[in-house]
1. Among residues other than F2 whose Cβ falls under 9 Å from its Cβ, what is the net charge (Lys/Arg +1, Asp/Glu -1)?
2. Per-residue ellipticity at 222 nm for the chain, helices alone: DSSP H runs ≥ 4 residues times -39500 (n - 2.57), over residue total, nearest 500 deg cm²/dmol?
3. Stokes-Einstein at 4 °C, 1.567 mPa s, Kirkwood radius from Cα pairs: D for the stretch 142-191 in µm² s⁻¹?
4. State whether the stretch 41-82 is rounded, prolate or oblate according to the following rule on the C-alpha gyration tensor (a ≥ b ≥ c being the square roots of its eigenvalues): a/c under 1.5 gives rounded; otherwise a/b larger than b/c gives prolate, and the remaining case gives oblate.
5. Let me know the charge dipole size of the chain about its Cα centre in debye, to the nearest 20, where only the beta-carbon of Lys, Arg (+1) and Asp, Glu (-1) is charged.
6. How big is the chain by the Kirkwood estimate over distinct Cα pairs, in Å?
7. For the pairs K9/K175; K92/K198; K9/K57; K75/K128; K175/K202; K9/K104, flag any whose C-alpha to C-alpha distance is greater than 29 Å.
8. How many angstrom lie between the Cα centre of the stretch 2-18 and the Cα centre of the stretch 28-86?
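Throughout, read-outs are computed from the coordinates displayed, never taken from laboratory work. Just so you know, these numbers come straight off a predicted model, no measurement behind them. Here Cβ is always computed from backbone atoms with ideal geometry, including for glycine, and neighbour counts include all displayed protein chains.
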Amino acid sequence: LFNVNLRGKVKKITDESYNVVSFSISKDNKIAVVMRDDKQDVYWNNLYIFENGKMKKIELDGLFSNPRLSPDGEKLAVVYSDHKKSFFQHHKIYIYNLQDDSFKCITDDIDRDIGNSINSDSRFGSGKLFDWVEERLYFTITDGGISRIFYHDEKGNFEFFSNNESIECFSIMEKGFAYISQSATRPTELFLYKGKIKRLTKFNKYFESLPE
């Protein structure tokens, strides 16, 4: 992992001989990074916190993905599985508290897959899984043939939005949110929600004009 400033100066952050899988940076310059050793099994990797020039390993075995630091840099949301039942068990969302080193699962009550796992030949890449807004963590889950947006706060998990389609990714904004969504008969388009749904793009109007 490297840092490049606006003048083009490059600084190496990680010296370990690992492959960087994903990372997240907070406003106070903390970095959460998931890395895999070449000697590790494909279903295992490691989670590290980089702060004040030091790299700290989180001493847990399993598979980490999609790290997302909170805006204040005090909490880290991450998808994690310890593979105790199977490599293919549902992965859960955990919150790692950087202040007291606690690691707590927040989705034990949701027996669904985290993120969007709906198969699609028209999907190219994916957006971020989480969005922190103050103390709320927003995320998607797959529920049958659709995906929904949920949020977590100190009171628990709650469904936030569903349009009965496959929500690919989203971004929370003031008084609403933007999201990319597709259905069984329409590839991905961009939408805005501020009390009601407004479609912003019509990239695939040709396909929608075809008979079903």
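1. Summing Lys/Arg as +1 and Asp/Glu as -1 gives +2.
2. Estimated from H runs of four or more residues: -500 deg cm²/dmol.
3. For the chosen part, D equals 111 µm²/s.
4. oblate
5. So the dipole magnitude of the chain works out to roughly 860 debye.
6. Roughly 18.9 Å, rounded to one decimal.
7. K9/K175; K92/K198; K9/K104
8. Here the answer is 19 Å between Cα centres.
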